[in-house]
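Colleague: One structure is given below, represented as structure tokens, and several questions about it will come after.
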Amino acid sequence: MTVSSRVSGTPIPLAQPNISEHDIELVMQVLRSDVLAMGPFTEEFEERLATLAGRRHAIACSSGTAGLHLAVRGLGIGPGDEVITTPFSFVASANCALFERAVPRFVDIEETTLGLDPELVDAAAGPHTKALLPVHVYGNPCRIDLLEEMAAARGWGLIEDSCEALGSRFKGRPAGSFGDAAVFAFYPNKQITTGEGGMVLTDDPDLAERMRSMRNQGRDEEGTWMHHIQLGFNYRLDEMSAALGVSQFARLESFLVKRDHVAALYAEQLAGLGWVRAPVVRPHVRMSWFVYVVTLAEDVPRDVVMAKMEAEGIPTRAYFSPIHRQPYIRERFEVPDEDLPVTASIADRTMALPFHNNLPLEHVERVVDALRRAVEST
Ligand SMILES: *Cc1c(COP(=O)(O)O)cnc(C)c1O
């Protein structure tokens, strides 16, 4: 389902995976073998990701959401426990707590990083607080070092949702290296894809063993196929996906360079326009661009602008639509916008522009031109 530009020139997709002949060849190699699940590509993919994040253990799973769920359950977070997280994220980062009947406590974000604001954490904490679950929004690391210190000092767990930040670095440390467990995701719009897929990482051997077992129907590593030591899930990644992951991963660095280039083209085109702010990359951050999201000035009607661009065939997306405003969350928790003022304001003004590895200058110009005309005619 790609929304594309229908007007002039070639269509402009909102996002686009990058699949090479080598990717296809490696997947075909799996299909020609007898091992379609739990094989060497899964192990190799796990090793690659563990090395990237400097972690002892990596456990491939069927999605990023599955990885987050394994981390929550693996840390023993259960009914009535509270997990402090951000409302400015994809629903999976709160759902993983809800799956275990734990309660997500939404804390507002910082305007600079769009991540969980460390200064607001203590006021939201209480006797039931069990863990922090921060998110690196759009690939831009939040102040994870501070959050890691806070979690350690207060005896909380820390789950790093790195699903949008594969390849990012914060003060020299890779995303995925912080806290008790970290999670990556490989849906087709992420920096690299396996189709569906995710990876949960940790340095703790016991946590790793619990998560490995739960991923595989609660089996024991040493036991037989029909021996189950605990309640588990089928959260395994198949070999076709893992092979695609291995092949894609080999090109991660070149993807990040291309994405840097496209982001720089956008920044140039947007410079000097007073009613829009391009994303800010802080000096101690290596940004792995996931999406390209701009923030409009308060007096610009974002939804009108998006509709006008859509009419010109330029796809955009209001991103994120925050978690506390989702109907099923509202029904249960009723967190008013006034309690989350930064999130509420940012969520009404942000907008993802078309973005992928090979977006040419001509398309960047068409997007920014359509944006300019849409804003100036409102
Ligand atoms: C992509 C993503 C996930 C995981 O998504 P899946 O579709 O389950 O792989 C989790 N959290 C965030 C913030 C994401 O962007």
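Colleague: How would you classify the range 270-336 from its alpha-carbon gyration tensor, with a ≥ b ≥ c the square roots of the eigenvalues: rounded for a/c under 1.5, else prolate if a/b is greater than b/c, otherwise oblate?
Modeller: The shape class here is oblate.
Colleague: At what distance in nm do the modelled label points of Ala318 and Asp348 sit from each other, each positioned 7 Å from its Cα along Cα→Cβ?
Modeller: For Ala318 paired with Asp348, the spin-label model returns 1.1 nm.
Colleague: Report the far tail of the P(r) of the range 211-330, meaning the percent of Cα-Cα pairs longer than 25 Å.
Modeller: 56 percent
Colleague: Arranged by the count of other C-beta atoms within 10 angstrom, fewest first, what order do Ser177, Ser345 take?
Modeller: Values: Ser177 19, Ser345 14.
Lowest to highest Cβ neighbour count: Ser345, Ser177.
Colleague: Separate question: What percent antiparallel are the DSSP beta bridges of the chain, to the nearest 5?
Modeller: That works out to approximately 65 percent antiparallel.
Colleague: Excluding residues on the same chain fewer than 8 positions from Lys258, give the lysines whose Cα lies under 29 Å from its Cα.
Modeller: In chain and number order, the partners are Lys171, Lys190, Lys308.
Colleague: Let me ask you something else. Normalising by the residue count of the chain, find the relative contact order in percent from Cα pairs under 8 Å and 6+ residues apart.
Modeller: Relative CO of the chain lands at 22 percent.
Colleague: Find the centroid of the Cα atoms in the range 257-310 and in the range 91-147, then give the distance between the two in whole Å.
Modeller: Centre-to-centre distance over Cα atoms comes out at 24 Å.
Colleague: Same structure, new question: Per the helix-only calculation at 222 nm, which mean residue ellipticity applies to the chain, given -39500 (n - 2.57) for every DSSP H run of n ≥ 4 and division by its residues, nearest 500 deg cm²/dmol?
Modeller: Helices in the chain give a 222 nm mean residue ellipticity of -11000 deg cm²/dmol.
Colleague: In addition: At 0.36 nm per residue, minus the direct Cα-Cα distance, what do Leu231 and Ala37 gain on full extension? Give it in nm, one decimal, please.
Modeller: Result for the pair: 67.8 nm of gain on full extension.
Colleague: What does the convex hull of the Cα atoms come to per residue for the chain, in Å³?
Modeller: 141 Å³
Colleague: Can you give me the C-alpha center-to-center distance between the range 341-367 and the range 27-42, rounded to a whole angstrom?
Modeller: 38 Å
Colleague: Next question. I'd like to compare 10-23, 155-168: which one has the highest average count of other Cβ atoms within 10 Å, and what's the full order after that? Before the final figure, lay out each step's value.
Modeller: Numbers: 10-23: 16.4, 155-168: 25.6.
Top of the packing list down: 155-168, 10-23.
Where a number appears in this text, it was derived from the coordinates with a stated rule and is not lab data. Since we're looking at a predicted model, the values are computed, not measured. Ideal geometry is used to build each Cβ from the backbone, glycine not excepted, and the neighbour counts take in all protein chains shown.
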